[in-house]
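In what follows, a single structure is set out as structure tokens and then discussed.
The values are calculated or read from the model by the stated rules, or taken from the named source; none is laboratory data. In this text the structure is predicted, and so the values were computed from the model without any measurement. When we count neighbours, we look across all protein chains shown, and the Cβ atoms used for this are built from the backbone with ideal geometry, even at glycine. We work out accessible area using only protein heavy atoms, side chains counted, and drop any ligands, DNA or RNA first. Shrake-Rupley method; radii C 1.70, N 1.55, O 1.52, S 1.80 Å.
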Amino acid sequence: MSIGSQEFFSEGLHEECGVFGIYGSADASPAHACYNGLLALQHRGQESCGIAVNDRGVISSHKNMGLVSEVFTPEILNSLSGQMAIAHVRYSTAGGSVRENSQPLVMRYVKGTLAIAHNGNLTNAYEVRRELESRGAIFQTTIDSEAIAYLVARERITSASVEEAVERTMGQIEGAYSLLVMSPQKLIAARDPHGFRPLCIGRIGSSIVFASETAALAACGADFVRDVDPGEIVVVDDEGIHSIRSRCPADGSRHLCVFEYIYFARTDSVIDGISVYKSRKEAGRILAREFPVDADIVIGVPESGIDAAIGYSEESGIPYEKGIVKNGYIGRTFIKPTQKERANSVRLKLNPLGSVLEGKRVVVIDDSIVRGTTCDRIVKMLRNAGAKEVHLRISSPPFIWPCFYGTDIPSRDELIAVRHTIPEICELTGADSLGFFPPDKLGEMLGGKNCGFCDACFSGKYPTRIPEKMLAGKERGGVDFDKKLPPKDGACGGKNEQ
């Protein structure tokens with residue numbers, strides 16, 4: 001998504017998409033299973049969605065802009081008959097928000113038809129597209145996924161199988177991709193060698209299911225089998241399921257986006273063996289130990305701030321209360337034609353409980369501060385509802401670097417933690433004190449498990465090469481980045497900060 005269009009969205013970060021696929025279904029059509037799976041993945045993308053089904057080698061699809069429940073009616077689902085299917089929900093971080101960029105992509109080529117659904121961003125997408133265009137490719141979209149589709153189709157011409165074509169393609173693309181490829185006879189799942197984005201395997205009877213999160217497996221009645229390993233290709237056909245591991249890193253390293261645990265994933269998901277709910281509660285516990293404060297109640301900003309708030313309450317002994325109510329029926333109210341309406345979106349989505357907040361010293365937990373355009377409104381909202389003090393705790397470290405792997409963290413000059421010190425941010429928000437999650441405690445948040453993760457948005461340490469073309473896309477805007485970086489202690493405070 002372009003930076004200009006990003007103005008229309010709330011402060012909260014967004015990820016590019018979620019994927020779901022099924023080979024066969026004993027109890028329902030694959031399209032209906034995909035629908036249920038997409039509903040469980042709706043939090044990963046609300047701009048567009050789609051389902052592609054394979055009926056004895058003939059692939060058809062339906063996709064459009066909008067939420068899953070808006071795009072798919074019972075009549076449409078009943079028309080999508082077949083023996084396997086893949087599906088997608090999208091939030092655009094690369095390519096515009098238009099129907100042409102919705103997925104799955106269906107491509108017809110000399111060997112037949114392919115359908116592809118992709119979560120993530122390629123870091124060498126520009127180079128790949130230019131090389132393909134030099135060979136005569138004409139792109140119909142502006143998304144990375146089409147470049148992957150072209151490569152798979154090109155490699156398939158000289159490969160013995162579709163999975164071999166996928167394997168060859170993986171040697172040419174860099175960056176983040178959890179990928180589903182559906183051919184006339186096979187369903188293939190692949191995860192990039194770094195494992196930036198989640199992908200798991202489930203089973204319904206004899207049917208095999210792939211999904212971005214375990215929550216989607218539960219939604220369609222599938223039992224969790226295991227995660228797809230970084231670099232692994234999993235192939236399902238009439239002969240069963242088998243794995244290709246030639247692209248898996250020899251040292252078993254992985255770099256799952258740590259923000260999956262902080263914000264992106266559903267709280268009931270388990271990713272790479274780690275409970276999202278438990279990791280968020282532990283983040284709250286760590287915040288309570290690192291940044292204690294005398295207060296009367298702890299509250300969380302719905303939804304992902306709530307789990308951390310419970311952990312903060314349990315660790316500190318300060319009672320947890322429901323101080324903010326989220327309106328779950330607003331829909332896509334972040335799309336507003338005027339700045340005034342965009343500014344009102346916080347009031348539309350979040351409402352304070354005055355009876356809980358009146359006269360109280362409040363610790364409020366939120367998952368992140370990006371540009372700083374929302375947290376000040378939340379603090380003001382709490383004060384207007386009668387809060388005596390507002391102490392802001394953030395369950396992620398300060399963002400000081402952009403993301404190139406599928407999260408819409410903007411250019412550095414837009415990040416408030418680059419332009420301002422933490423005491424300055426505290427003053428700008430109007431909070432009595434402010435504490436960010438310590439970057440060196442991220443491993444502790446994940447239970448101390450040896451589960452490598454990517455924290456480049458906090459540390460600037462990118463696991464892959466970042467081409468100059470991509471760096472230019474995250475223009476630096478003249479900010480002096482050697483100054484005004486957050487203090488290492490990650491906190492500022494008023495009279496109660498310890």
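What are the semi-axes of the equivalent ellipsoid of the range 352-448, taken as the square roots of 5 times the eigenvalues of the Cα gyration tensor, listed largest first and rounded to whole Å?
Values: eigenvalues 134, 53, 27 Å².
Listed largest to smallest, the semi-axes of the range 352-448 are 26, 16, 12 Å.
Given a 1.4 angstrom probe, I'd like the percentage of the accessible area of the chain that is carbon and sulfur, rounded to a whole number. Present the calculation step by step, with values, prior to reporting the outcome.
On the way: 9630 of 19230 Å².
The computed percentage sits at 50.
What ranking do 203-216, 247-260 get when scored by the average of other Cβ atoms within 10 Å per residue, highest first? Write down the numbers at each step before the final one.
On the way: 203-216: 23.5, 247-260: 18.6.
Per-residue mean Cβ counts within 10 Å order the peptides as 203-216, 247-260.
Which links in 349/441; 349/388; 63/278; 278/322; 281/349 stretch past 29 Å when you go from one Cα to the other?
On the way: 349/441 31 Å; 349/388 23 Å; 63/278 35 Å; 278/322 19 Å; 281/349 24 Å.
From the list (349/441; 349/388; 63/278; 278/322; 281/349), the Cα-Cα distance tops 29 Å for 349/441; 63/278.
Give the residue from 249, 195, 17 lying farthest towards the positive end of the charge dipole for the chain; charges sit on Cβ (+1 for Lys and Arg, -1 for Asp and Glu) and the dipole is referred to the Cα centre.
The Cα lying farthest towards the positive end belongs to 17.
Any chance you could look up the accessible area of residue 132 with a 1.4 Å probe, heavy atoms only, rounded to 10 Å²?
For residue 132, solvent-accessible area is about 10 Å².
How much net charge surrounds residue 153 when only other residues with a Cβ under 10 Å from its Cβ are counted (Lys, Arg +1; Asp, Glu -1)? Write down the numbers at each step before the final one.
On the way: positive: 108, 111, 154, 156; negative: 155.
Neighbourhood net charge equals +3.
If you add up the charges near residue 129, with Lys and Arg at +1 and Asp and Glu at -1, over every other residue whose beta carbon is less than 9 angstrom from its beta carbon, what do you get?
Details: positive: 130; negative: 127, 131, 133, 144, 146.
Once all neighbours under 9 Å are counted, the net charge is -4.
Sequence gap at least 6, Cα distance under 8 Å: using those rules, report the relative contact order of the chain to the nearest whole percent.
Working: 1199 pairs, mean separation 68.5, N = 498.
Averaging sequence separation for qualifying contacts and normalising by length gives 14 percent for the chain.
Quick one: dipole size for the chain, taken about the Cα centre, charges +1 on Lys/Arg Cβ and -1 on Asp/Glu Cβ, in debye to the nearest 20. Working shown, then result.
Details: 56 positive and 63 negative charges, 138 e Å.
Using Cβ point charges on Lys, Arg, Asp and Glu, the chain gives about 660 debye.
With charges set only on the Cβ (+1 for Lys and Arg, -1 for Asp and Glu), what does the dipole of the range 361-433 come to about its Cα centre, in debye to the nearest 20?
I would put it at about 220 debye.
Is there a quick way to get the dipole size of the range 35-151? I mean about its Cα centre, with the Cβ of Lys and Arg at +1 and of Asp and Glu at -1; what is the value in debye to the nearest 20? Mind dumping the intermediate values first?
Details: 10 positive and 10 negative charges, 43 e Å.
I would put it at about 200 debye.
Per DSSP helix of 4 or more residues, -39500 (n - 2.57); summed, then divided by the residues of the chain. What does that give at 222 nm, rounded to the nearest 500? It would help to have the intermediate numbers written out before the result.
Numbers: 19 runs with 141 residues, N = 498.
Result for the chain: -7500 deg cm²/dmol, rounded to the nearest 500.
What is the projected area of the convex hull of the Cα atoms of the chain, averaged over all directions, in nm²? Could the numbers behind the result be given before it?
On the way: hull surface 90.6 nm².
Result: 22.7 nm².
At 1.4 Å probe size, what's the solvent-accessible area of residue 107? Round to the nearest 10 Å².
30
Keeping all protein chains in position, work out how much accessible area residue 441 exposes to a 1.4 Å probe, and write it in Å² to the nearest 10.
Roughly 50 Å² of residue 441 is accessible to a 1.4 Å probe.
Go through 162, 173, 150 and say which Cα lies farthest out towards the positive end of the charge dipole of the range 125-182; charges sit on Cβ, +1 for Lys and Arg, -1 for Asp and Glu.
Among 162, 173, 150, the one farthest towards the positive end of the dipole of the range 125-182 is 150.
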